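Colleague: One structure follows; several queries about it will come next.
The values are calculated or read from the model by the stated rules, or taken from the named source; none is laboratory data. Predicted model, so just to flag it, every value in this text is computed and none were measured. Cβ: placed from backbone, ideal geometry, glycine included. Neighbour counts: every protein chain shown.
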Amino acid sequence: MEEFIGKTIKNVFCKSFDIQTNGYSNITFQLDDVYVALTVNDDTDEFEIAILPAINSALFKIPYWSTSLVGKKIVGVWKPHNQNGYFDFLALGIDEFIPTISMSTIASEIKLGVVGYVDANK
């Protein structure tokens with residue numbers, strides 16, 4: 001994902017995991033010239049990343065939260081591995097070199113969160 005630093009997010013497409021959760025089975029970022037699809041390996045519960053030239057957007061939804069990302073650049077990427085060596089967390093810095101959105105894999109679905117920072121001096 002480091003090769004996408006500096007690319008502009010054109011759109012975000014998602015597939016819901018199921019109707020009983022608020023997670024996703026797929027989150028695809030349309031960048032300047034490619035689509036980056038995030039899915040979960042069901043056996044290891046790790047992220048799988050695919051770089052695609054195109055997608056069938058009719059198969060996806062555009063989530064409400066994605067409008068705040070469109071037109072912004074990816075400035076930083078964090079891909080830590082957990083204590084067992086699994087790649088089950090991903091954070092992106094959008095327009096700033098600090099993690100601003102985080103994604104983690106839990107029980108074969110992707111959970112997404114917006115990172116909020118607190119001023120410790122207040």
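Colleague: Which ones in segment 62-93 are touching a residue at least 24 places away in the same chain (Cβ under 8 Å) and farther than 20 Å from residue 23 by Cα?
Modeller: Passing the criteria: 70, 71, 72, 73, 74, 75, 76, 77.
Colleague: Of the conditions (1) assigned to a strand (DSSP E or B); (2) polar (S, T, N, Q); (3) at pLDDT below 90, residue 39 clears all except one; give me its number.
Modeller: Unmet for residue 39, out of (1) assigned to a strand (DSSP E or B); (2) polar (S, T, N, Q); (3) at pLDDT below 90: (3).
Colleague: Right, another one. Name the residue, out of 73, 79, that is in contact with a Lys or Arg (Cβ under 8 Å, 6 or more places away or on another chain), among the basic types (Lys, Arg) and within 28 Å of residue 117 (Cβ to Cβ). Don't jump to the end; show me each part of the working.
Modeller: Values: 79 fails: in contact with a Lys or Arg (Cβ under 8 Å, 6 or more places away or on another chain).
It is 73.
Colleague: Only one of 55, 27, 74 is modelled with pLDDT of 90 or more, surrounded by 12 or more Cβ atoms within 10 Å (Cβ to Cβ) and outside any strand (DSSP E or B); which? Working first, answer last.
Modeller: On the way: 27 fails: outside any strand (DSSP E or B); 74 fails: outside any strand (DSSP E or B).
It is 55.
Colleague: For segment 96-106, check the following and say yes or no: at least one residue is touching a residue at least 60 places away in the same chain (Cβ under 8 Å) and either touching a Ser or Thr at 6+ places or on another chain (Cβ under 8 Å) or of a type in the set (Lys, Arg) (or both). Walk me through how you get there before you give the answer.
Modeller: Quick first cut of segment 96-106, residues touching a residue at least 60 places away in the same chain (Cβ under 8 Å) only: 103, 105-106.
Narrowing further to those that are either touching a Ser or Thr at 6+ places or on another chain (Cβ under 8 Å) or of a type in the set (Lys, Arg) (or both): none.
No, there is no match, as no residue in segment 96-106 is touching a residue at least 60 places away in the same chain (Cβ under 8 Å) and either touching a Ser or Thr at 6+ places or on another chain (Cβ under 8 Å) or of a type in the set (Lys, Arg) (or both).
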